[in-house]
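Participant: This is the structure I have questions about; it appears just below.
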Amino acid sequence: MHIAMLSAEFPPRWGGMGSTVFHLSASLVERGHRVTVITRSGGGDPPPQKGVNVITVGWAKIPMEFTRSYGRSALRELEKLNDSDPVDVVHLHCPMISWSESQFRRCSDKVAPVVSSLHGSWLGERDGLIAANKAREAAVWANPNDLAILLTAGRYARFERAAIHESSICVANSHATKADFEERYGPPESWSCEVIHWGVDTSMFHPIDREAADQLVEYNENRLRYGAGEDGSKLILAVGRLAARKGFGTLLRGFAKLQEKAPKASLVIVGRGHLRRRLQRQAARLGIGDKVTIESGMPFERLASLFRSADLVVYPSFYEGQGLIPLEAMSSGTPVVTVDDGPLPEMVDTTVGALFSMGDIDSMSDSMESELRDDVARRKKGELGRERVMSSFTYEGNAESFESVYSRVVS
């Protein structure tokens, strides 16, 4: 099949969506298909992939409205592509592309049937920001993109409703996302929607091989660099965009409370965003500035080595469509502490980590302390986490599942 993949994010715009589309495309090519990705211009040159053609289109650099302008440009380019190289199925990645019902029909009538991946909802993002504000996360109203979501999510929700009504099949990335769309939009009884959890790169994110000298050197260097080089010290890792919805301010308060029981614990946060200085000031006010390091990003290979060097990964997000960081931790053999809310319990339970009440600092701190207390149990959870990812959350599994979906819509 020739699959047209329409995604506003694609490397070098990585992110969760960009990463999944990149790896899904490669896995589909390995299964004998051809993939054309139509994405936004201006991000730089994409990494070359055999069998994957990438087309970039213009878009208006306006928060939220870019989803409409990119959507219009992508549809025009899609029609040109189909004229010269007929497309069998169109795969949209929502909500970062906004099509009206008439645009969906235009695509279905003139190009090919549409499969819409639901990566989350704008209304869910808005509610996550409201929850973050209630939890006293910093700068909820300061970021232009977050402010646009807060003010206009209701307007752009109508395009998500169009996806429900006009796509041949919708594919949610979690049962929580599917339930969210059902509750908010009341889809018709004929709605065809299934759940396919995204996988992660299990070759990059792998457990430490203690027989490999180079990996042991990396492990020791990482721990020494971030203040966990002494016997009995613990290294906690948190990864994600430095934005209010990700809950890093709440994490800092929980970590400060953890210091009362685990004074040898250190925390490293890795992520780009506008909150770095605010979070550093918050850590200083809490008296943990010397125990917290905030990195503005790093190469994937170094981040992967940090995942397998940490004792624990904490993911305190207030909203996710799915959330890939916990899976990358589990794939690396590192237990996860995350929120008992939304899609996270679909991946994480007490056999591979721990869950805490969203925004509850005491619950978070207690969960972290409990996981750090028992080294043997923590190692076992890391092993089980890797097994879970390998059995249920791989890109190869994603390609097989989507291939089945595509076959149904073109038959």
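All of the numbers you see were taken from the coordinates with simple rules; none came from a lab. Model, not experiment: these values are computed from the prediction. A quick note on method: Cβ atoms are made from the backbone with ideal geometry, for glycine too, and the neighbour counts reach across all protein chains shown.
Participant: Once you list every other residue whose beta carbon is under 13 Å from the beta carbon of residue 74, what net charge do they have if Lys and Arg are +1 and Asp and Glu are -1? Kindly include the intermediate steps, with their values, before the conclusion.
Facilitator: Details: positive: 40, 68, 72, 76, 80, 106; negative: 9, 77, 79.
Value of the local net charge: +3.
Participant: For the chain, just the Cα atoms, rotate onto the principal axes and tell me the three extents in Å, largest first.
Facilitator: Answer, in whole Å and largest first: 65, 47, 40 Å.
Participant: A further question follows. By how many degrees, between 0 and 90 and to the nearest 10, does the Cα long axis of helix 300-309 differ from the longest principal axis of the chain?
Facilitator: In the chain, helix 300-309 runs at an angle near 40 degrees to the longest axis.
Participant: Working out 0.36 nm times the residue gap between residue 379 and residue 85, then minus their Cα-Cα distance, what length gain in nm do you get to one decimal?
Facilitator: Additional length available on full extension: 100.7 nm.
Participant: What Cys residues in the chain have no fellow cysteine's beta-carbon under 4.7 angstrom?
Facilitator: So, 94, 107.
Participant: Now, a different point. How large is the charge dipole for the stretch 1-77, taken about the Cα centre, if only the Cβ atoms of Lys, Arg (+1) and Asp, Glu (-1) carry charge, to the nearest 20 debye? Intermediate results must be reported in sequence, preceding the final value.
Facilitator: Values: 9 positive and 5 negative charges, 28 e Å.
Computed about the Cα centre, the dipole is about 140 debye.
Participant: About the Cα centre, and with charges only on the beta carbon of Lys, Arg (+1) and Asp, Glu (-1), how big is the dipole of the chain? Nearest 20 debye, please.
Facilitator: Details: 49 positive and 53 negative charges, 290 e Å.
Using Cβ point charges on Lys, Arg, Asp and Glu, the chain gives about 1400 debye.
Participant: Checking the cross-link filter: which lysines have an alpha carbon closer than 23 Å to that of residue 381, excluding same-chain neighbours under 8 positions apart?
Facilitator: Those lysines meeting the cut-off are 234, 261, 264.
Participant: What is the packing order of peptides 392-404, 5-17, 209-221, taking the mean over residues of other C-beta atoms within 10 Å and listing the highest first? Walk me through the numbers on the way to the answer.
Facilitator: On the way: 392-404: 17.8, 5-17: 21.4, 209-221: 12.3.
My ranking of the peptides, most packed first, is 5-17, 392-404, 209-221.
Participant: I'd like the orientation of helix 144-166 relative to the chain: the angle between its Cα long axis and the longest Cα principal axis, in ° from 0 to 90, rounded to 10.
Facilitator: Orientation of helix 144-166: about 50 degrees from the principal axis.
Participant: Sticking with this structure for a sec: When the chain is fully extended, how far beyond the present Cα-Cα distance does residue 260 get from residue 136, taking 0.36 nm per residue of separation? The partial results should precede the final answer.
Facilitator: Working: separation 124, 0.36 × 124 = 44.64 nm, distance 2.20 nm.
Between residue 260 and residue 136, full extension yields an extra 42.4 nm.
Participant: Which peptide among 90-98, 166-174 comes first, and what is the full order, when sorted by highest mean count of other Cβ atoms within 10 Å?
Facilitator: Details: 90-98: 26.1, 166-174: 23.0.
So the order, starting with the most tightly packed, is 90-98, 166-174.
Participant: Calculate the translational D of the stretch 213-392 in whole µm² s⁻¹ from Stokes-Einstein, where the hydrodynamic radius comes from the Kirkwood formula applied to all Cα pairs, the temperature is 20 °C and the viscosity 1.002 mPa s.
Facilitator: Details: Rh = 16.0 Å.
Once the numbers are plugged in, D ends up at 134 µm²/s.
Participant: Got a sec? Charge dipole of the stretch 213-392, +1 on Cβ for Lys and Arg, -1 for Asp and Glu; which of 356, 252, 389 is way out at the positive end?
Facilitator: Projecting each Cα onto the dipole axis, the largest value belongs to 252.
Participant: Moving to a separate point now. Considering only 333, 233, 71, whose Cα is most displaced toward the positive end of the charge dipole of the chain, charges sitting on Cβ of Lys, Arg (+1) and Asp, Glu (-1)?
Facilitator: 71
Participant: For the chain, set up a Gaussian network in which alpha carbons nearer than 10 Å are linked by springs, and say which option among 84, 25, 121 fluctuates the most.
Facilitator: The residue with the greatest mean-square fluctuation here is 84.
Participant: Which of the peptides 139-147, 260-268 is most tightly packed, and how do the rest follow, judged by the mean count of other Cβ atoms within 10 Å per residue?
Facilitator: Working: 139-147: 16.0, 260-268: 18.3.
For the peptides 139-147, 260-268, the packing ranking is 260-268, 139-147.
Participant: Please state, to two decimals, what the Cα-based radius of gyration of the stretch 152-238 comes to when divided by 2.2 N^0.38 Å (N = residues).
Facilitator: Values: Rg = 22.5 Å, N = 87, 2.2 N^0.38 = 12.0 Å.
So the stretch 152-238 has a normalised radius of gyration of 1.87.
Participant: Still on this structure: If you line up the long axis of helix 213-225 against the longest principal axis of the chain, both from Cα atoms, how many degrees apart are they, to the nearest 10?
Facilitator: Its long axis makes an angle of about 70 degrees.
Participant: Counting only helical runs of four or more DSSP H residues, what would the 222 nm mean residue ellipticity of the chain come to if each run contributes -39,500 (n - 2.57) and the total is spread over all its residues?
Facilitator: Only helices count here, giving -15000 deg cm²/dmol.
Participant: Could you tell me what % of all Cα pairs in the stretch 273-340 have separations over 18 Å? Each step should come with its number before you reach the end.
Facilitator: On the way: 1187 of 2278 pairs.
So the portion of pairs separated by more than 18 Å is 52 percent.
Participant: Over the stretch 1-104, one equal point on each Cα, no solvent: what is log10 I(q)/I(0) by the Debye formula at q = 0.16 Å⁻¹?
Facilitator: For the requested q values the scattering log ratios are -0.64.
Participant: Suppose every K and R has +1 on its Cβ and every D and E has -1 on its Cβ; what is the size of the dipole of the stretch 228-279 about the Cα centre, in Debye to the nearest 20?
Facilitator: Working: 12 positive and 3 negative charges, 92 e Å.
Magnitude of the dipole: close to 440 debye.
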